[in-house]
């Protein structure tokens, strides 16, 4: 027996229904949709989850939690991973090249986990307090350029038109 000679058993498969192809096909005229009504019309089906007017299950149940769309943007790097790396000067590109962070990460943050006993210089990588202390204790450095603070524009208040003083009547 060979793979190219395999066939389904005779009678086990049948041709698909070609709906709306004339009276002789058995699925002509109304094409299995019956007469009139919402289900007979094009685009007339209810949306998924419709329960005949009853409040659908997905709307009856309470919402739980929050899924952040930017969760994977910042990768987490352990100090133990820095110890295993070859490079002395570490940037985001170096971390990606060594496979420590995913290629689609937009930023990285070093956290205190594991030992670091060699001198490393971090550039443009955020660091937790404990990790900073360990890196600087081993003779390393952390350089991060601060972003300038964004100045918020204050809206100017429109001057109210002064009302002319009316002379007392009398």
Exercise for the section: Please indicate, with yes or no, whether at least one residue in the stretch 121-142 is at pLDDT below 95, on the phi > 0 side of the Ramachandran plot and touching a helix residue (DSSP H, G or I) at 6+ places or on another chain (Cβ under 6 Å). Expected result: no
Problem - Condition met for residue 79 (more than 30 Å from residue 47 (Cβ to Cβ), in contact (Cβ under 8 Å) with a residue 40 or more places away in the chain and buried (at least 16 other Cβ atoms within 10 Å of the Cβ)) - result: yes
Exercise for the section: Starting from the stretch 89-104, keep only residues that are on the phi < 0 side of the Ramachandran plot and part of a helix (DSSP H, G or I), then list their pairs with residues that are surrounded by fewer than 13 Cβ atoms within 10 Å (Cβ to Cβ) and modelled with pLDDT under 95 whose Cβ atoms are within a distance under 6 Å, requiring at least 6 positions of separation or different chains. Expected result: 96/103
Exercise for the section: Quick one: which residue in 33, 21 is more than 30 Å from residue 133 (Cβ to Cβ), in a loop (DSSP other than H, G, I, E, B) and touching a helix residue (DSSP H, G or I) at 6+ places or on another chain (Cβ under 8 Å)? Expected result: 33
Handout entry: residue 9 within 30 Å of residue 136 (Cβ to Cβ) and either at pLDDT 90 or above or part of a helix (DSSP H, G or I) (or both)
Key = no
Completion exercise
Among (1) more than 23 Å from residue 145 (Cα to Cα); (2) touching a residue at least 24 places away in the same chain (Cβ under 8 Å), residue 46 falls short only on (2)
Completion exercise
residue 62: passes all of (1) under 30 Å from residue 103 (Cβ atoms); (2) not in a helix (DSSP H, G or I) but (1)
Handout entry: Test for residue 71: is it modelled with pLDDT under 90 and within 30 Å of residue 140 (Cβ to Cβ)
Key = yes
Practice task
Please state which of the following conditions residue 82 fails to meet, knowing it meets all the rest: (1) in a loop (DSSP other than H, G, I, E, B); (2) closer than 22 Å to residue 128 by Cβ; (3) over 23 Å from the mean Cα position of the chain (by Cα).
Solution key: (1)
Fill in the blank from the handout: Within the stretch 82-104, restricting to residues that are over 14 Å from residue 122 (Cβ atoms) and in contact with a helix residue (DSSP H, G or I) (Cβ under 8 Å, 6 or more places away or on another chain), the one that is surrounded by the most Cβ atoms within 10 Å (Cβ to Cβ) is 102
Exercise for the section: Name, by its number, the condition in (1) in contact with a strand residue (DSSP E or B) (Cβ under 6 Å, 6 or more places away or on another chain); (2) under 19 Å from residue 133 (Cα atoms) that does not hold for residue 112. Expected result: (1)
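The values are calculated or read from the model by the stated rules, or taken from the named source; none is laboratory data. Worth saying up front: this structure is predicted, and the values here are computed from it rather than measured. FYI the Cβ positions are ideal-geometry reconstructions off the backbone, even for glycines, and counts take in every protein chain you see.
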